[in-house]
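Peer 1: Below: one structure in structure tokens.
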Amino acid sequence: MRIKLILPSLTEADSPHFRPIKYSLFPPLGLATLAAWCPDDDVTLVDQHVETLDLDDEPDLVAIQVYITNAPRAYAIADHYRKKGAYVVLGGLHVTSLPDEAAQHADTIFLGPGEETWPAFLEDFRAGSPRARYASANRTLVGIPPVRRDLIKRELYLVPNSIVVSRGCPHHCTFCYKDAFFEGGKGFYTQAVDEALAEIERLPGRHLYFLDDHLLGNRRFAEGLFDGMKGMGRLFQGAATVESILRGDLVERAVDAGLRSIFIGFESLDERSLIQSAKHHNLGRDYDAAIRRLDALGVMINGSFVFGLDGDGPDVFDRTVDWAVSRGITTATFHIATPYPGTRFFQEIEAQGRLLHRDWERYDTRQAVFRPRGMRIDELEAGYWRAYERFYSWRNIVRGSAAHETPGRSLKHLAYAGGWKKLEPMWDRLIRARQLVRARPMLEQVLATVDVVREAAVPTAAEEAA
Ligand code: B12
Ligand code: SF4
């Protein structure tokens, strides 16, 4: 059977917001995961961010991954293939949030993760009796076949070794996709440690990026994973919460296994906004202590911040940027608060009559899609762009890098932040020439240099108690 798996572009390639390097970071891991159940089929995997989508072919089955901002493109592609007589199925986050919308463009839709439903569908499809809807309920990653990495065109990505060893997260922030996506079953589960380690062993090169929502979310699993990775010589990046950094010694174990940079959801410096988002695990946490601890371990921080929550006034942008720069946060990801359908945040904003529109393509966290309380819409959007501009000004990159205790760490900060945001023409050239592979040693070099100050990493009694 000819199966075509498609990840439609999250942003149109001719949009001013299409930053080629951002969209050439990671391959479509979800679809490569599904392909594992089709070892004997003729499978093509197309990622519209990095390659042209040929619409003139004749696949028997087309499976499309739908995120919120690619929904209109996904539906157009689906309609096209259905007209041509292909069987078209849709799955992913947006389909799970709005199944009835997606069902208008598909022969079959999938709700939730695909590890249980996709093989069930394939069996029904091959038997000639596929259902219109499959919803995941029994979730596990134990014993699933290995991701079809042979379908990933490694040369097109800066980080071809993206990996997920868990699904979901133990928390319930109201703005997060998580509760909507995992409804009807477990919302946080992991691979078996030995299977995760075997998957890591199979990855070539040194650098890995864990795309897990919360890599430190299950203590026992993370301990096993990091202990098993010790000595493998890997360098990796991942994501975790402030609270998990402050607790116990998991972060030291992660560093020993190769952790060099971490994505942390600070989200807000204001208690009111944290309460509004049910981000209880951040409440009362000592952000500074977490940052000091990571810095002492030589781990760079990518801080995530959300603007436009109810506690935010027009001063939030400069205040947040000044704070992040003064703390030596290496890179920052800013978002305009965006209520994704299916989330509690969406329900609240809709009930309050504050939603501006349902143009999903504009739900890209760069545009205001609801009326904020503490400022005007134009203030929110202008403030968001100003935050990026200020944070990544050379002046602030230099100031941020000076916030570290050692010259080695300052240099690393300069190289990483500068490389990420100030070398756009170089990235564009490498991408056009299909030579991103040449930048990987540079990335590894920056990540590899560490000067750890262990003593400072020991938590205080208060941190331990928290
Ligand atoms: C990698 C990533 C990206 C990559 C690109 C995506 C890619 N190459 O896959 C990049 C960096 C480009 C990116 C950008 C953005 N991202 Co992003 N990203 C992720 C991340 C971290 C991992 C995705 C992943 O690989 N997951 C692991 C795989 C195994 O899971 P999966 O893809 O969901 O696939 C499974 C299921 O969904 C299902 N499935 C999926 N498709 C299909 C299809 C069929 C037919 C079937 C049966 C099943 C199925 O089966 C798979 C196996 O279970 C997720 C967080 C997360 N944990 O998922 C956020 C996430 C997807 N991103 C998100 C957002 C908001 C963005 C941005 C809009 C925000 C921003 N400012 O950065 C931008 C996009 C800008 C724009 N204009 O749209 C949100 C999406 C919310 C939503 N409702 O769609 C997420 C969930 C983060 C979050 N916590 O809010 N992102
Ligand atoms: S901690 Fe992060 S991944 Fe977990 S629910 Fe909150 S926003 Fe989502």
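The values are calculated or read from the model by the stated rules, or taken from the named source; none is laboratory data. A quick note: this is a predicted structure, and the numbers were derived from the prediction, not measured. Heads up, the Cβs are rebuilt from the backbone with ideal geometry, glycines too, and the neighbour counts pull from every protein chain shown.
Peer 1: Which ones in segment 89-110 are of a type outside the set (S, T, N, Q) and within 9 Å of ligand 1 (Cβ to nearest atom)?
Peer 2: Answer for segment 89-110, where residues must be of a type outside the set (S, T, N, Q) and within 9 Å of ligand 1 (Cβ to nearest atom): Val89, Leu90, Gly91, Gly92, Leu93, His94, Val95, Ala106, Ile109, Phe110.
Peer 1: Right, something else. When you go through (1) over 24 Å from Ala198 (Cα atoms); (2) within 22 Å of the chain's Cα centre (by Cα); (3) in a loop (DSSP other than H, G, I, E, B) one by one for Arg73, which number turns out not to apply?
Peer 2: Single failed check for Arg73: (3).
Peer 1: For a quick check of your reading: which helices (runs of 4 or more DSSP H) sit entirely within segment 170-237 and have at least 3 residues that are free of Cβ contacts under 8 Å to residues at least 40 places away in the same chain and farther than 30 Å from Gln347 by Cβ?
Peer 2: Where helices (runs of 4 or more DSSP H) fall fully within segment 170-237 and carry at least 3 residues being free of Cβ contacts under 8 Å to residues at least 40 places away in the same chain and farther than 30 Å from Gln347 by Cβ, they are 193-202, 219-229.
Peer 1: Same structure, new question: Is it the case that some residue within segment 266-287 is away from ligand 1 (no atom under 16 Å from the Cβ), assigned to a strand (DSSP E or B) and under 20 Å from the mean Cα position of the chain (by Cα)?
Peer 2: no
Peer 1: With Ala120, Ala106 as the choices, which residue is free of Cβ contacts under 8 Å to residues at least 60 places away in the same chain, touching a strand residue (DSSP E or B) at 6+ places or on another chain (Cβ under 8 Å), away from ligand 2 (no atom under 16 Å from the Cβ) and outside any loop (DSSP other than H, G, I, E, B)?
Peer 2: Unique residue meeting the criteria: Ala120.
Here is a yes/no grid of residues against (1) within 23 Å of Val164 (Cβ to Cβ); (2) surrounded by 20 or more Cβ atoms within 10 Å (Cβ to Cβ); (3) of a type outside the set (Ser, Thr, Tyr); (4) not assigned by TED's automatic domain parsing to the domain that holds Val43:
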{"site": "Ala63", "(1), (2), (3), (4)": "yes, yes, yes, no"}
{"site": "Ala71", "(1), (2), (3), (4)": "yes, yes, yes, no"}
{"site": "Tyr87", "(1), (2), (3), (4)": "no, no, no, no"}
{"site": "Leu111", "(1), (2), (3), (4)": "yes, yes, yes, no"}
{"site": "Leu141", "(1), (2), (3), (4)": "yes, no, yes, yes"}
{"site": "Leu151", "(1), (2), (3), (4)": "yes, no, yes, yes"}
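Peer 1: Test Gly184 against the criterion of being touching a Leu at 6+ places or on another chain (Cβ under 9 Å) and either under 30 Å from Val369 (Cβ atoms) or among the polar types (S, T, N, Q) (or both), and give yes or no.
Peer 2: When the stated conditions are applied, Gly184 passes them.
Peer 1: Go through segment 165-207 and give me each residue that's within 14 Å of the chain's Cα centre (by Cα) and of a type in the set (A, V, I, L, M).
Peer 2: Once the filter is applied, which keeps residues that are within 14 Å of the chain's Cα centre (by Cα) and of a type in the set (A, V, I, L, M), segment 165-207 yields only Val165.
Peer 1: Would you please name the residue that is surrounded by the fewest Cβ atoms within 10 Å (Cβ to Cβ), looking only at residues in segment 292-322 that are among the small types (Gly, Ala, Ser) and in contact (Cβ under 8 Å) with a residue 60 or more places away in the chain?
Peer 2: Step by step, filter segment 292-322, then rank; the result is Gly313.
Peer 1: Tell me the residue from Tyr87, Tyr67 that is farther than 20 Å from Tyr177 by Cβ and either hydroxyl-bearing (Ser, Thr, Tyr) or modelled with pLDDT under 95 (or both), please.
Peer 2: So the residue among Tyr87, Tyr67 that is farther than 20 Å from Tyr177 by Cβ and either hydroxyl-bearing (Ser, Thr, Tyr) or modelled with pLDDT under 95 (or both) is Tyr87.
Peer 1: Run Ile163 past the list (1) within 11 Å of ligand 1 (Cβ to nearest atom); (2) over 19 Å from Leu25 (Cβ atoms) and report the number of the one that doesn't hold.
Peer 2: For Ile163, the failing item is (2).
Peer 1: Now a separate question. Could you figure out which of (1) surrounded by fewer than 18 Cβ atoms within 10 Å (Cβ to Cβ); (2) modelled with pLDDT of 95 or more; (3) in contact with an Asp or Glu (Cβ under 9 Å, 6 or more places away or on another chain) isn't true of Phe175?
Peer 2: For Phe175, the failing item is (1).
Peer 1: If Lys279 satisfies all but one of (1) without any contact (Cβ under 8 Å) to a residue 40 or more places away in the chain; (2) surrounded by 18 or more Cβ atoms within 10 Å (Cβ to Cβ); (3) within 29 Å of Leu355 (Cβ to Cβ), what's the number of the condition it fails?
Peer 2: Among (1) without any contact (Cβ under 8 Å) to a residue 40 or more places away in the chain; (2) surrounded by 18 or more Cβ atoms within 10 Å (Cβ to Cβ); (3) within 29 Å of Leu355 (Cβ to Cβ), the lone unmet condition for Lys279 is (1).
Peer 1: For segment 158-165, indicate whether the set of residues that are surrounded by 15 or more Cβ atoms within 10 Å (Cβ to Cβ) and within 16 Å of ligand 2 (Cβ to nearest atom) is non-empty.
Peer 2: yes
Peer 1: Condition first: crowded, with 22+ Cβ neighbours inside 10 Å and not charged (D, E, K, R). Now tell me which residues in segment 265-276 satisfy that.
Peer 2: Those that are crowded, with 22+ Cβ neighbours inside 10 Å and not charged (D, E, K, R): Gly265, Phe266, Ser268, Ser273, Leu274.
Peer 1: Now a separate question. Could you look through segment 124-139, keep only residues that are over 31 Å from the mean Cα position of the chain (by Cα) and outside any loop (DSSP other than H, G, I, E, B), and pick out the one that is surrounded by the most Cβ atoms within 10 Å (Cβ to Cβ)?
Peer 2: Per the stated criteria, the residue is Phe125.
Peer 1: While we're here: For the subset of segment 321-363 comprising residues that are aromatic (Phe, Trp, Tyr) and part of a helix (DSSP H, G or I), which member is farthest from Leu294 (Cα to Cα)?
Peer 2: Trp360
Peer 1: Considering only residues that are closer than 15 Å to Pro341 by Cβ and in contact with a Leu (Cβ under 7 Å, 6 or more places away or on another chain), look in segment 96-108 and name the one that is surrounded by the fewest Cβ atoms within 10 Å (Cβ to Cβ).
Peer 2: Selected residue: Pro99.
Peer 1: Let me ask you something else. Name every residue in segment 140-169 that is hydrophobic (A, V, I, L, M, F, W, C) and assigned to a loop (DSSP other than H, G, I, E, B), in order of residue number.
Peer 2: Selection gives Leu141, Val142, Ile144, Val147, Ile152, Leu158, Val159, Val164, Val165, Cys169.
Peer 1: Another question, then. Which one of these does His94 not meet: (1) farther than 30 Å from Arg344 by Cβ; (2) not in a strand (DSSP E or B)?
Peer 2: (1)
Peer 1: Looking only at segment 76-85, which residues are surrounded by fewer than 17 Cβ atoms within 10 Å (Cβ to Cβ) and either within 13 Å of ligand 1 (Cβ to nearest atom) or in a helix (DSSP H, G or I) (or both)?
Peer 2: The answer is Ala76, Asp79, His80, Arg82, Lys83.
Peer 1: Considering only segment 139-160, state which residues are away from ligand 1 (no atom under 13 Å from the Cβ) and free of Cβ contacts under 8 Å to residues at least 60 places away in the same chain.
Peer 2: Val142, Gly143, Asp150
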